[in-house]
Amino acid sequence: MADPRLFRLRVTFRETGRLAMLSHLELARALERAVRRAQLPFAVSQGFSPHMRIAFGAALPVGVGGTAEIFDLFLTDYVPALRALAALQEASPADLYPTEARYIEARDAAASVALPVSTYEVVLSEAPGAIVVPEAITVVRKKKEKTLVPADFLVGPVSLDGATVRFSLEAKPTGSLRADAFARELIRETVAAGHATEMLRPITFLRIDQRAAEGI
């Protein structure tokens, strides 16, 4: 249960460049170090292993960057959001840069589930004549194969503008489809259909937006 005595600051940041190669655990450690350098009055958990009260949004696959990532930081004292943002910006590298900060209510949904619909932008090495969306994708989870149907997770159409592909995926309580797995199979199907050469590959891969599901 959220502690009503704490102030919950939701921070939006970008993860780009070389830092897109960080694992989720490495990203968490880097953000915690930035908070400490910013000298914000962060709350600490109780128990035998106290740690910073910070909650992260949905993890990105390694190699996929983001321009609208979020984390929630719990503070013991109120600091104006703009002042907290400026302190975090001063303490953060350019490729892990905070762009917005605002306070939210204690009862608001956790950062990891508040915005289940993610929009991705992939810039390809060449402009394909068309793209082919796979009907099914086989993934391996916990050493077991599972077949996923992309149509169950896609929100809206997959668009192609020159060499740029955009698509939105919804993470559901029953499961999710990784953006990198979908993009990999989309490229494979597109090449197999003869719409691009075998050299087709992603040049940049970003999550450019996160939002709530329709009807929420």
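Structure values in brief
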read-out: Cα lying deepest toward the dipole's positive end in the chain, options I203, T99, S159, charges on Cβ; value: T99
read-out: C-alpha center-to-center spacing [segment 158-196, segment 49-125] in angstrom; value: 25
read-out: At q = 0.25, 0.27, 0.28 Å⁻¹, base-10 log of I(q)/I(0) for segment 59-113 (Debye sum, equal scatterers on each alpha carbon); value: -1.20, -1.27, -1.30
read-out: Residues of segment 76-106 with amide N under 17 Å of the 7 Å Cα→Cβ point at L6; value: 76-79, 102-106
read-out: Ratio of the Cα radius of gyration of the chain to 2.2 N^0.38 Å, where N counts its residues; value: 1.13
read-out: Cβ-derived FRET efficiency at R0 30 Å, A193 paired with D152, nearest 0.05; value: 0.85
read-out: Computed over the chain: relative contact order in percent, which uses C-alpha pairs under 8 Å that are six or more apart; value: 26
read-out: Rounded FRET efficiency, nearest 0.05, which uses the C-beta distance separating A110 from D77 and R0 of 25 Å; value: 0.65
read-out: Rounded to 10°, Cα long-axis angle of helix 24-38 versus longest principal axis of the chain; value: 30
read-out: Average projected area [Cα convex hull, segment 5-101], square nanometres; value: 6.0
read-out: Computed helical MRE - 222 nm, the chain, DSSP H runs ≥ 4 contributing -39500 (n - 2.57), nearest 500; value: -6000 deg cm²/dmol
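Bear in mind these aren't lab numbers, they're just calculated from the coordinates by the rules spelled out. Since the model is a prediction, treat every value here as computed from it, not as a measurement. In this analysis, Cβ positions are derived from the backbone assuming ideal geometry, glycine residues included, and neighbour counts consider all displayed protein chains.
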